[in-house]
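S.K.: Encoded as structure tokens, here's the structure I'll be asking about.
The values are calculated or read from the model by the stated rules, or taken from the named source; none is laboratory data. None of the values given here were measured: they were computed from a predicted structure. Here the Cβ positions follow ideal geometry from the backbone for every residue, glycine too, while neighbour counts run over all protein chains shown.
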Amino acid sequence: MRRYGIWKYLLILFVLGFGIVYSLPNLYAPDPAVQISYTSSSQSADTFLVERVEEVIKDENISTKIELENDYVLIRTDTYQNQLKLKDILSKNLVNDVVIALNLAPTTPRWLMDIGANPMKLGLDLRGGVHFLMQVDTETALKNRQNGTLQDLRIRLREEKIRYNQALVQDNSSILLKFNNIESKEKAEEFINDNYTQFNLPLLSNENNSLVLSLSDLEIDQIESDAIDQNLTTLRNRVNELGVSEPIVQRQGKKRIVVQLPGIQDTAEAKNILGKTATLEFHLEAQMDTPRSRKTSYPYRNGLGAPAFLQDSIILGGDQVATAQASFDENGLPQVNITLDGEGGSKMHRATRGNIGKRLGVLFVEQKTRTIYERNAEGKQIPVQESYEVKEIISLATIRAALGTTFRITGLDSPSESSELALLLRAGALAAPMTFVEERTVGPSLGADNIQAGVFSMQLGLLLVLGFILFYYRIFGIAASLALTFNIVLLVAIMSILSATLTLPGIAGIVLTVGMAVDANVLIFSRIREELKRGREPLEAIDAGYNRAFLTIWDANVTTLIVAVILLSYGTGPVKGFAITLSIGIITSMFTAIMGTRAFVNLIYGSKKNIERISI
């Protein structure tokens, strides 16, 4: 039998040690906890907040442990029932300057956390909460952009004294222009070519005196991407109002957004929060001689500056902001380029042409909800949802020249600030409507039952498989059993490192991986037995078994891996959870089934000569 290189043993030992260390955190079950932080991101948790919490819960018969972190106060408890009870008590007794969220506090030892070893995250079906899959109507975003462009185009054509008969946005989001004569059409075509780079060139002509302005593919992709980014930012801002720890709001595919809210059980409340409105308002800064009745003081968003007085009259609203893009000026300094629709551009020009040198404020206006407790007729306190409005300044810049449809905001500190401001400007409201494609709710008790059932099924399957291969394959069965155990450890370690989310279908993927790993060993061992029946020496039969079974194992696993990757790319919800563990499990099972068992068999038989019989 061929010698097995020492480097292969060292590689296997390294990978095994790596897997054991990074899978260890999953042995430490997290504590149910409640997390409390200030609503203002500029205000960090302090001892005063800890004292307020202690005062509220001092008379409650709940086992707790309070910890002060950098940004929040963490209250650990012993059961999920006490966690929910604690959140309810704190919500009733603390004022609305804090956010109270359910959390799972890790109990992983510090030395493991210092090397980046953290436990796997649990999906909603194991932890409890609500899951939404939303479809973004990007066609509406395209039409909205074209409607804004059309308004601007009408004004510009009138300024250029180019007469037209008709101007409208068609069903395919293209703009149709009809002119009085060929001369007007040619002048318009030349003007549009010079001033509107977003359209495909040359412009199409349906008739002799008409033009069709269709957006370029690059512009369409940019508009759709902006719409998704704006909706993502808006949803993330709204999710914060639900008091959710570790929410997931992420893009899925080209036009969909996934929102997962651990710990939330009321889907009606969640959908109400996600669907609430937010917008922008543009105001001139109030001067010293402005009457008090005509100005209002507003705070800066995130406490980044002193409050400032703005005039009560609104120049225009955020619904007239077509887009906002972060960029750099001629000196390489960050700025935000803003494009308004035609009506907004006219209003902005009229308001700013006589106020050069003064400052223009951008006000972020958001409708929020909060829970208050009122006594019913029986004297019991019941939760009631109350709506309220928050207005904060996100920009206050000096007007250098009369502004129109396009202008820029300068004086920003960093590119990250300009990117954030551009997103906030776009996030005043949803860029496009969204529909709820999928909706699921899982209770915390059902999540715990799912964990118990999933672990039991994996243990039972593993026990039955190990029992069979040990009985049937003897010493080679021991090698397969060790490789199988090693495979599960390695799979858990990789999922922990990648911060992959474990779901109930994911546990099914692990169980399937166990079967596939055994299948690879069965192919190898069966091949060895065939070689023995053909009269080969035992050591030669082992070599031939591993070498000749490799291609079969490779083909079977690669084809399954292709399917798993497709499921991972296009699947949603449970399908994706299954695909994650299956993909990782296929890769780890090939390593352990081929290299792992081969190393063990070489340790047993590799140093022996003239072996007459092997235990298989």
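S.K.: How many residues are among the aliphatic types (A, V, I, L, M) and more than 13 Å from residue 397 (Cβ to Cβ) if we restrict to the stretch 334-347?
M.R.: Of the residues in the stretch 334-347, 1 are among the aliphatic types (A, V, I, L, M) and more than 13 Å from residue 397 (Cβ to Cβ).
S.K.: Okay, next question. Does residue 503 satisfy the criteria of being under 24 Å from residue 450 (Cβ atoms) and at pLDDT below 85?
M.R.: yes
S.K.: Working only within the stretch 29-61, note down all residues that are closer than 30 Å to residue 120 by Cβ, surrounded by fewer than 16 Cβ atoms within 10 Å (Cβ to Cβ) and touching a helix residue (DSSP H, G or I) at 6+ places or on another chain (Cβ under 7 Å).
M.R.: 41
S.K.: What strands (runs of 3 or more DSSP E) completely inside the stretch 136-231 contain at least 1 residues that are touching a residue at least 24 places away in the same chain (Cβ under 8 Å), assigned by TED's automatic domain parsing to the domain that holds residue 343 and more than 30 Å from residue 435 (Cα to Cα)?
M.R.: Once the strands (runs of 3 or more DSSP E) in the stretch 136-231 are filtered for at least 1 residues that are touching a residue at least 24 places away in the same chain (Cβ under 8 Å), assigned by TED's automatic domain parsing to the domain that holds residue 343 and more than 30 Å from residue 435 (Cα to Cα), nothing remains.
S.K.: Another question, then. Residue 604 passes all but one of (1) more than 30 Å from residue 453 (Cβ to Cβ); (2) under 33 Å from the mean Cα position of the chain (by Cα); which number fails?
M.R.: (2)
S.K.: Can I ask one more? Looking at the stretch 341-388 only, could you name the residues that are in a strand (DSSP E or B) and either closer than 25 Å to residue 290 by Cβ or modelled with pLDDT of 85 or more (or both)?
M.R.: Across the stretch 341-388, the qualifying residues are 359, 360, 361, 362, 363, 364, 365.
S.K.: The conditions are (1) part of a strand (DSSP E or B); (2) modelled with pLDDT of 80 or more, and residue 113 fails exactly one of them. Which is it?
M.R.: Answer for residue 113: the failing condition is (1).
S.K.: What residue, among those in the stretch 312-329 that are among the β-branched types (Val, Ile, Thr) and either modelled with pLDDT under 80 or surrounded by 18 or more Cβ atoms within 10 Å (Cβ to Cβ) (or both), is farthest from residue 286 (Cα to Cα)? Spell out the reasoning first.
M.R.: So the first thing to find is which residues in the stretch 312-329 are among the β-branched types (Val, Ile, Thr), and the list is 314-315, 321, 323.
Restricting the remaining residues to those that are either modelled with pLDDT under 80 or surrounded by 18 or more Cβ atoms within 10 Å (Cβ to Cβ) (or both) gives 315, 321, 323.
Values: 315: 13, 321: 23, 323: 27 Å.
Across the stretch 312-329, the extreme among qualifying residues is 323.
S.K.: Of 114, 125, which residue is outside the structural domain of residue 210 (by TED's automatic domain parsing), surrounded by fewer than 21 Cβ atoms within 10 Å (Cβ to Cβ) and among the charged types (D, E, K, R)? Quick ask: steps written out before the conclusion?
M.R.: Details: 125 fails: surrounded by fewer than 21 Cβ atoms within 10 Å (Cβ to Cβ).
Going through 114, 125 in turn, just one is outside the structural domain of residue 210 (by TED's automatic domain parsing), surrounded by fewer than 21 Cβ atoms within 10 Å (Cβ to Cβ) and among the charged types (D, E, K, R): 114.
S.K.: Any chance you could count how many residues in the stretch 330-344 are surrounded by 14 or more Cβ atoms within 10 Å (Cβ to Cβ) and of a type in the set (Asp, Glu)?
M.R.: Final tally of qualifying residues: 2.
S.K.: Condition test on residue 213, is it touching a strand residue (DSSP E or B) at 6+ places or on another chain (Cβ under 9 Å), more than 30 Å from residue 262 (Cβ to Cβ), buried (at least 20 other Cβ atoms within 10 Å of the Cβ) and modelled with pLDDT of 85 or more? Before the answer, list the steps.
M.R.: Details: touching a strand residue (DSSP E or B) at 6+ places or on another chain (Cβ under 9 Å): yes; more than 30 Å from residue 262 (Cβ to Cβ): yes; buried (at least 20 other Cβ atoms within 10 Å of the Cβ): yes; modelled with pLDDT of 85 or more: yes.
Yes: the conditions hold for residue 213.
S.K.: Additional query: If we scan the stretch 83-101, do we find a residue that is of a type in the set (S, T, N, Q), closer than 30 Å to residue 53 by Cβ and touching a Lys or Arg at 6+ places or on another chain (Cβ under 8 Å)? Quick ask: steps written out before the conclusion?
M.R.: If we filter the stretch 83-101 for residues that are of a type in the set (S, T, N, Q), which is where we start, we get 83, 91, 93, 96.
Those left that are additionally closer than 30 Å to residue 53 by Cβ: 83, 91, 93, 96.
Those still in the list that are touching a Lys or Arg at 6+ places or on another chain (Cβ under 8 Å) too: 96.
So far as the stretch 83-101 goes, yes, one or more of its residues are of a type in the set (S, T, N, Q), closer than 30 Å to residue 53 by Cβ and touching a Lys or Arg at 6+ places or on another chain (Cβ under 8 Å).
S.K.: Taking the stretch 542-560, which residues are more than 15 Å from residue 597 (Cα to Cα) and surrounded by 18 or more Cβ atoms within 10 Å (Cβ to Cβ)?
M.R.: Listed by number, the list holds a single entry, 557.
S.K.: Same structure, new question: Is it the case that some residue within the stretch 123-131 is outside any helix (DSSP H, G or I) and modelled with pLDDT of 80 or more?
M.R.: For the stretch 123-131, residues outside any helix (DSSP H, G or I) and modelled with pLDDT of 80 or more: present.
S.K.: Something else now. Got at least one residue in the stretch 91-102 being under 17 Å from residue 30 (Cα atoms) and of a type in the set (A, V, I, L, M)?
M.R.: yes
S.K.: Give the residues of the stretch 472-504 that are closer than 21 Å to residue 526 by Cβ and either in contact with a helix residue (DSSP H, G or I) (Cβ under 7 Å, 6 or more places away or on another chain) or part of a loop (DSSP other than H, G, I, E, B) (or both), sorted by residue number.
M.R.: The answer is 473, 475, 476, 477, 478, 479, 480, 481, 482, 483, 484, 487.
S.K.: Only one of these is closer than 25 Å to residue 344 by Cβ and modelled with pLDDT of 80 or more: 219, 190, 183. Name it.
M.R.: Among 219, 190, 183, only 219 is closer than 25 Å to residue 344 by Cβ and modelled with pLDDT of 80 or more.
S.K.: Ok, one more. Criterion first (charged (D, E, K, R), more than 38 Å from the chain's Cα centre (by Cα), at negative phi and in a helix (DSSP H, G or I)) does residue 536 satisfy it? Step through it out loud before you land on a result.
M.R.: On the way: charged (D, E, K, R): yes; more than 38 Å from the chain's Cα centre (by Cα): yes; at negative phi: yes; in a helix (DSSP H, G or I): no.
No; evaluated as a whole, the condition is false for this residue.
S.K.: Condition first: buried (at least 21 other Cβ atoms within 10 Å of the Cβ), outside any helix (DSSP H, G or I) and at pLDDT 70 or above. Can you find one or more residues in the stretch 436-454 that meet it?
M.R.: Checked against the condition, which is being buried (at least 21 other Cβ atoms within 10 Å of the Cβ), outside any helix (DSSP H, G or I) and at pLDDT 70 or above, the stretch 436-454 yields no hits at all.
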